[in-house]
C-alpha cells in the first residue's frame with residue numbers, strides 16, 4: 001500500500017517537473033549561496049520554510065548586500081532561521097519582530113532590514129506591531145509565512161487557520177461561531193498608505209517559487225528607494241501538523257489555502273522607479 | 001564656564017540624553033514622564049540627529065530598543081510603572097543578550113493603574129529582576145534633578161562597560177519638580193562599531209547573532225554562569241552610596257532617591273532635639289551596598305528605613321545587617337510623600353525604645 005503511494009507520488013513529482021520544464025542544463029547546476037550556512041535544517045521534510053530561507057539567501061547574495069543586511073527572526077518554527085542564514089540576525093520575542101526591525105532600521109537607515117515571521121507571530125500576538133510598523137511605512141521588508149497553523153508548538157489553531165480546518169485546539173474544525181473567520185491580514189495591510197508594495201506568493205510549485213523569489217527581490221530593491229514598507233506573504237504548507245505527506249500538503253494548499261488566500265499583488269508601486 | 005539652568009526633572013533627563021550623544025530614544029507617553037518624549041521630539045533631531053520615535057506601546061518601545069541596542073548604538077527609553085511592567089519580557093531578552101541600553105522608570109503609585117503621584121513601589125521589580133529568569137539590571141537611584149542629569153551619562157557608561165541594561169529608578173516627584181542643574185557639555189555621537197553588534201556581515205568576520213534562545217540546557221547553564229559572574233564583578237566594582245553625618249550617629253536613616261532628602265530634614269529636626277541621626281543613601285540599588293551597611297551597623301544602635309512603599313528595600317537592609325541591630329521601617333504608599341515630621345515621630349519612638 002505504502003509502496004504504491006510512494007510510486008504515485010514519485011510519478012506526480014516527475015510530471016510536475018516535466019510540466020514546469022525546468023530540466024535544462026543550466027538549471028541542473030546547484031550552487032549554495034554563501035549567504036546560507038552548512039547547518040542542516042531542522043525543518044520537517046517538505047516544509048516550505050527551507051525554500052523561503054533559500055530564496056532570501058539567494059536574493060541577498062545576488063544583490064551582493066550581505067554586508068549591509070540585518071534580519072530579524074521570530075518565535076515559531078523559524079525561530080532558528082539565524083542558524084541557516086549567513087546574515088547578521090537578531091532573534092525577537094514572539095510577535096515583536098517588526099518592532100525590533102524598526103529599531104534596527106531607524107538607527108541604521110542605510111542597511112537592508114527584513115523580518116521573517118509566521119502567522120501566529122505576525123497576525124496574532126504581534127498584530128499591533130505589524131499594523132503600526134506598516135502604517136509608519138518603515139523602510140523594511142516583512143516576509144510573512146502563512147501555513148494556517150502553529151508549527152513549533154505542535155499544531156494549534158493560527159489566526160489564519162481555515163474554517164473547518166482541524167488543529168489540536170480546533171479538534172472538530174475551526175468554528176466561526178467560536179473563533180471567528182481566518183484573518184486576511186495582508187489585505188488589511190495593503191490598505192495602509194505606508195505600505196509601498198504588498199503581494200502574496202507561494203512556494204508549492206517551481207513556478208510559484210520563482211515568483212516568490214521575484215517578490216523578495218522587489219522587497220529588497222524597494223528599500224533602496226526609501227519609499228516605505230514591502231510586505232510579502234508566502235502561503236506555505238505544514239505537512240507534519242496538517243498530517244499529510246509533503247505532496248499531499250502542496251495539493252491541499254492549492255485546493256484549500258489558495259482559494260481563501262489568492263496569489264498575486266495586492267499593492268504595487270504606481271510608478272515603480274528602477275532601483276539599480 | 002558652568003552651564004546652570006532651572007529645569008524640570010524629566011526635561012533635564014531628556015537634555016542630558018541629547019548631550020550624552022544618545023543615538024535613539026523609543027518611548028510611549030505615560031504620566032508622570034511624558035515630558036521626556038515631548039522634550040526630545042522638540043529638540044533632539046535638529047541638534048544631534050538623534051532618532052526619536054513615539055512607539056505604539058511600551059512593548060513596541062522596548063523591542064525597538066532591543067533591535068537598536070543590538071546594532072551597538074546608544075539607545076534609551078523611559079516610562080512609568082505600568083509601562084515598565086509591560087516592558088519586562090523585552091528587558092529580560094536584552095539582559096540575556098547582553099545589550100547596553102538605558103531604561104528610565106519615573107515611578108508612580110501602584111499596584112494596577114494606581115496613581116500618577118510619586119512612589120518607590122517598583123524597587124523589587126527593578127532590583128530583583130522584574131522579568132523572567134535570573135538576570136540583573138544595574139539600578140541607579142537619583143535623589144535630585146542634578147542626578148537625573150548625571151545618571152544619564154553614568155548610566156550609558158555603565159551600560160557599555162558591562163554590556164548590561166541600566167535602569168534609572170526615579171519617581172514622579174523628581175520627574176516633575178524643578179531645580180537648578182549644572183549641565184555637562186555636548187558630547188559627540190560616536191559611530192563605534194562593536195564586534196558583537198549586528199551591522200551587516202562582512203567577509204572578515206563570522207555573522208553576528210543576537211539571541212537569548214539556548215535550547216541545550218548545558219549551553220543555557222553556561223550563559224547563566226557567565227551572567228552571574230558578570231553580576232559578581234559589577235557588585236565588586238560599581239557600588240555607590242552616600243553617608244551623611246553617620247560618624248557619631250546613634251540612629252541612621254536608610255533611604256534612596258527623593259526620600260533620602262526628606263530624611264536629611266528629619267535628621268536635622270532630630271538633632272535639634274538632641275538625637276544624633278545620620279542618613280545612609282544607596283545610590284546604586286543593584287549592586288547594593290550591603291557591606292557598607294553591615295560595617296555601619298557596628299557603630300550605631302538602630303537603622304530606620306524610610307521608603308515610599310510598603311517596605312521593599314528594608315529587606316536588603318536587614319540582609320546587610322544580618323541581625324546585628326534592629327532595623328525598623330516606616331513608609332507611605334499610594335503616592336503620598338512622607339513628611340520630615342512623621343519620620344521624626346518614628347525616630348523619637350525608636351530612640352526612646354533603644355535608650356530605655
Problem - the range A:126-138: number of residues that are crowded, with 19+ Cβ neighbours inside 10 Å and in a helix (DSSP H, G or I) - result: 5
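Restrict the check to the range A:111-129 and report whether at least one residue is modelled with pLDDT under 95 and under 16 Å from the mean Cα position of the chain (by Cα).
No: the range A:111-129 contains no residue that is modelled with pLDDT under 95 and under 16 Å from the mean Cα position of the chain (by Cα).
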Exercise for the section: Report yes if residue B:317 is under 24 Å from the mean Cα position of the chain (by Cα) and under 30 Å from residue B:238 (Cβ atoms), otherwise no. Expected result: yes
Fill in the blank from the handout: When residue A:165 is run through (1) more than 20 Å from residue A:202 (Cβ to Cβ); (2) more than 10 Å from chain B (Cβ to nearest Cβ); (3) touching a helix residue (DSSP H, G or I) at 6+ places or on another chain (Cβ under 9 Å), the failure sits at (1)
Fill in the blank from the handout: (1) touching a residue at least 24 places away in the same chain (Cβ under 8 Å); (2) under 29 Å from residue A:99 (Cβ atoms); (3) in contact with a strand residue (DSSP E or B) (Cβ under 8 Å, 6 or more places away or on another chain) all hold for residue A:253 apart from (2)
Problem - Subset tally (residues that are in contact with a helix residue (DSSP H, G or I) (Cβ under 8 Å, 6 or more places away or on another chain) and closer than 21 Å to residue B:13 by Cβ) for the range B:129-144 - result: 8
Practice task
Test residue B:74 against the criterion of being surrounded by fewer than 22 Cβ atoms within 10 Å (Cβ to Cβ) and touching a strand residue (DSSP E or B) at 6+ places or on another chain (Cβ under 8 Å), and give yes or no.
Solution key: no
Practice task
Could you tell me which residue of the range B:60-74 is farthest from residue A:93 (Cα to Cα), considering only residues that are in contact with a helix residue (DSSP H, G or I) (Cβ under 8 Å, 6 or more places away or on another chain) and more than 7 Å from every other protein chain (Cβ to nearest Cβ)?
Solution key: B:74
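A quick yes/no check of all residues on (1) within 14 Å of chain A (Cβ to nearest Cβ); (2) free of Cβ contacts under 8 Å to residues at least 24 places away in the same chain; (3) touching a strand residue (DSSP E or B) at 6+ places or on another chain (Cβ under 7 Å):
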{"position": "B:146", "(1), (2), (3)": "no, no, yes"}
{"position": "B:167", "(1), (2), (3)": "no, no, yes"}
{"position": "B:170", "(1), (2), (3)": "no, no, yes"}
{"position": "B:173", "(1), (2), (3)": "no, no, yes"}
{"position": "B:181", "(1), (2), (3)": "no, no, yes"}
{"position": "B:194", "(1), (2), (3)": "yes, no, no"}
{"position": "B:217", "(1), (2), (3)": "no, yes, no"}
{"position": "B:224", "(1), (2), (3)": "no, no, no"}
Fill in the blank from the handout: Residue set B:134, B:150; condition outside the structural domain of residue B:307 (by TED's automatic domain parsing) and part of a loop (DSSP other than H, G, I, E, B); output residue B:134
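If you check residue B:253 against the conditions, is it assigned to a strand (DSSP E or B) and touching a residue at least 40 places away in the same chain (Cβ under 8 Å)?
yes
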Practice task
With the condition kept exactly as written, say whether any residue in the range B:108-128 is within 15 Å of residue B:10 (Cβ to Cβ), buried (at least 24 other Cβ atoms within 10 Å of the Cβ) and under 13 Å from the mean Cα position of the chain (by Cα).
Solution key: no
Exercise for the section: Filter the range B:30-59 down to residues that are within 14 Å of chain A (Cβ to nearest Cβ) and in contact (Cβ under 8 Å) with a residue 60 or more places away in the chain and give me whichever is surrounded by the most Cβ atoms within 10 Å (Cβ to Cβ). Expected result: B:50
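To keep it simple, each residue is scored yes or no on (1) under 25 Å from residue A:87 (Cα atoms); (2) in contact with a helix residue (DSSP H, G or I) (Cβ under 6 Å, 6 or more places away or on another chain).
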| position | (1), (2) |
| --- | --- |
| B:86 | no, yes |
| B:91 | yes, no |
| B:103 | no, no |
| B:111 | no, no |
| B:118 | no, yes |
Exercise for the section: Consider residue A:276 carefully, then state whether it is at pLDDT below 95 and in a loop (DSSP other than H, G, I, E, B). Expected result: yes
Practice task
Only residues that are touching a helix residue (DSSP H, G or I) at 6+ places or on another chain (Cβ under 8 Å) and part of a loop (DSSP other than H, G, I, E, B): list them for the range B:188-213, please.
Solution key: B:189, B:198, B:200, B:201, B:202, B:203, B:207, B:211, B:212, B:213
Fill in the blank from the handout: Note on the range A:1-39: residues at pLDDT below 70 and either within 30 Å of residue B:204 (Cα to Cα) or not in a helix (DSSP H, G or I) (or both) are A:1, A:21, A:22, A:23, A:24, A:29
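Conditions tested, residue by residue: (1) more than 23 Å from the chain's Cα centre (by Cα); (2) under 19 Å from residue B:350 (Cβ atoms).
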{"position": "B:217", "(1), (2)": "yes, no"}
{"position": "B:228", "(1), (2)": "no, no"}
{"position": "B:233", "(1), (2)": "no, no"}
{"position": "B:237", "(1), (2)": "no, no"}
{"position": "B:240", "(1), (2)": "no, no"}
{"position": "B:259", "(1), (2)": "no, yes"}
{"position": "B:266", "(1), (2)": "yes, yes"}
{"position": "B:288", "(1), (2)": "no, no"}
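Would it be correct to say that residue B:99 is surrounded by 24 or more Cβ atoms within 10 Å (Cβ to Cβ), within 14 Å of chain A (Cβ to nearest Cβ), closer than 24 Å to residue B:230 by Cα and in contact with a helix residue (DSSP H, G or I) (Cβ under 8 Å, 6 or more places away or on another chain)? Break it down into steps so the answer makes sense when it comes.
Working: surrounded by 24 or more Cβ atoms within 10 Å (Cβ to Cβ): yes; within 14 Å of chain A (Cβ to nearest Cβ): yes; closer than 24 Å to residue B:230 by Cα: yes; in contact with a helix residue (DSSP H, G or I) (Cβ under 8 Å, 6 or more places away or on another chain): yes.
When the stated conditions are applied, residue B:99 passes them.
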Exercise for the section: Would you check which residues across the range B:77-87 are surrounded by fewer than 24 Cβ atoms within 10 Å (Cβ to Cβ) and within 12 Å of chain A (Cβ to nearest Cβ) and list them? Expected result: B:86
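The values are calculated or read from the model by the stated rules, or taken from the named source; none is laboratory data. What you see is a predicted model, and the numbers here were worked out from it, not measured in a lab. Positions of Cβ are backbone-derived with ideal geometry, glycine not excepted, and every protein chain shown enters the neighbour counts.
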